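Bear in mind these aren't lab numbers, they're just calculated from the coordinates by the rules spelled out. Given the structure is predicted, the values throughout are model-derived calculations rather than measurements. Cβ placement follows ideal geometry from the backbone for every residue including glycine, while neighbour counts extend to all protein chains displayed.
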Amino acid sequence: MLSQIIAENVKSLLKDIPEGVVVLAAAKTRTLKEVEAVIQAGVSHIGYNYVQEAQPIIQAIGDQATWHMIGHLQSNKAKTAAENFDLIETVDSWKLVQALERECARLNKTMPVLIEVNSGREANKSGALPEEVEALAERIDSLAHLRLEGLMTMGPAFGDPEDSRPFFRTTHGIYTRLQSSGLTNARLRWLSMGMSNSYRVAIEEGANIVRIGTRLFEPRRKDT
Ligand SMILES: *Cc1c(COP(=O)(O)O)cnc(C)c1O
């Protein structure tokens with residue numbers, strides 16, 4: 001049964017995760033039952049890439065889990081995102097920051113946010129460029145309804161997770177600089193990096209949120 005596979009996947013993954021590191025289930029395309037199974041098995045942070053896909057699941061499950069937005073967010077979706085998510089990992093522009101601030105003010109809610117860093121400087125990827133992060137952080141810091149809590153990065157996709165290491169290291173470096181940059185309202189504590197094939201390297205480079213999809217939701221192949 002699927003829920004049994006998920007329970008076994010969670011168990012074997014959690015053995016591999018040091019204390020203090022949060023496993024977030026990347027739940028895109030998964031059914032309500034699969035998401036319920038992963039929560040049942042002990043994963044309480046769930047990430048979605050699309051607001052519309054997340055909304056019915058969040059409404060069905062509610063506060064048994066902490067809901068993270070991990071996909072690119074357009075400012076015209078800021079309202080639904082603000083209403084549904086507990087944390088937005090993919091803030092990357094002033095336009096989006098302003099839209100989220102407006103919606104969170106309306107909801108009288110303070111939203112924890114991470115800045116997504118385009119650590120690979122990829123032209124087709126979202127995220128702020130490394131040199132843009134500090135200015136964006138300062139602007140977020142001046143707002144009443146957003147609280148900067150850290151950074152997120154994807155990095156370029158590689159077969160060999162070692163190839164991801166420099167991008168994780170770059171992002172950790174930006175994180176460390178932000179910690180000594182004199183932000184007053186920020187509460188820097190999250191570094192979200194690493195996926196099914198790269199979470200070990202990410203943790204070695206300082207990640208304390210790892211975003212895992214395949215390894216939680218799919219039957220293990222013999223060679224993994
Ligand atoms: C799908 C996804 C993941 C997880 O990827 P897997 O390789 O399936 O573990 C992590 N982060 C984001 C932003 C994703 O979209």
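Can you work out the FRET efficiency for the pair R102 and T176, with r the C-beta to C-beta distance and R0 = 25 Å, to the nearest 0.05?
In this case the efficiency is close to 0.20.
Using the count of nearby Cβ atoms within 10 Å as a rough guide to exposure, how do L13, L114 rank from fewest to most?
In order of increasing Cβ crowding within 10 Å: L13, L114.
If I take every Cα pair under 8 Å that is 6 or more residues apart in region 7-89, average their sequence separation and divide by the length, what percent do I get for the relative contact order?
Numbers: 95 pairs, mean separation 21.4, N = 83.
Over region 7-89, the number comes to 26 percent.
What Kirkwood hydrodynamic radius do you get for region 1-137 when you take the inverse of the mean 1/r over all pairs of distinct Cα atoms, in Å?
16.0
L188: net charge of surrounding residues, Cβ under 11 Å, Lys/Arg +1, Asp/Glu -1, itself excluded?
Its environment carries a net charge of +2.
Could you grab the relative contact order for region 139-224? Cα pairs under 8 Å, six or more apart, rounded to a whole percent.
29
Could you give the size of the charge dipole of region 61-116 about its Cα centre, using +1 on the Cβ of each K and R and -1 on the Cβ of each D and E, expressed in debye and rounded to the nearest 20?
280
Distance between Cα centroids, region 45-115 to region 147-224: provide it in whole Å.
If you average the Cα positions of each part, the centres end up 20 Å apart.
About its Cα centre, how strong a charge dipole does the chain have in debye, to the nearest 20, once Lys and Arg get +1 and Asp and Glu get -1 at the Cβ?
Approximately 300 debye in magnitude.
I'd like the Karplus ³J(HN,Hα) series for region 78-92: coefficients 6.51, -1.76, 1.60, θ = phi - 60°, whole numbers in Hz, and an x wherever there's a Gly or Pro.
4, 5, 5, 5, 4, 6, 9, 8, 9, 7, 10, 8, 10, 6, 9
Expected output is a single nm value to one decimal: the length gained when fully extending between T31 and E204, i.e. 0.36 nm times separation in residues minus the C-alpha distance. What is it?
Numbers: separation 173, 0.36 × 173 = 62.28 nm, distance 3.18 nm.
Difference between extended and current length: 59.1 nm.
Relative contact order of region 13-148, please, whole-number percent, based on alpha carbon pairs below 8 angstrom and at least 6 residues apart.
17
Work out, step by step, the length gained on full extension between Q59 and E134: first 0.36 nm times the residue separation, then minus their alpha carbon distance; give nm to one decimal.
Taking Q59 through E134 to full extension adds about 23.5 nm, to one decimal.
When E205, E131 are ordered from fewest to most other Cβ atoms inside 10 Å of their Cβ, what list results?
With the fewest neighbours first, E205, E131 line up as E131, E205.
For the charge dipole of region 108-224, defined by +1 on Lys and Arg C-beta atoms and -1 on Asp and Glu C-beta atoms about the Cα centroid, which residue among I209, P156, M193 has the Cα displaced farthest towards the positive pole?
It is I209, whose Cα lies furthest towards the positive end.
So which trypsin sites (Lys or Arg not before Pro) in region 1-100 pass both tests, a DSSP loop state and at most 10 other Cβ atoms within 10 Å of the Cβ?
K15
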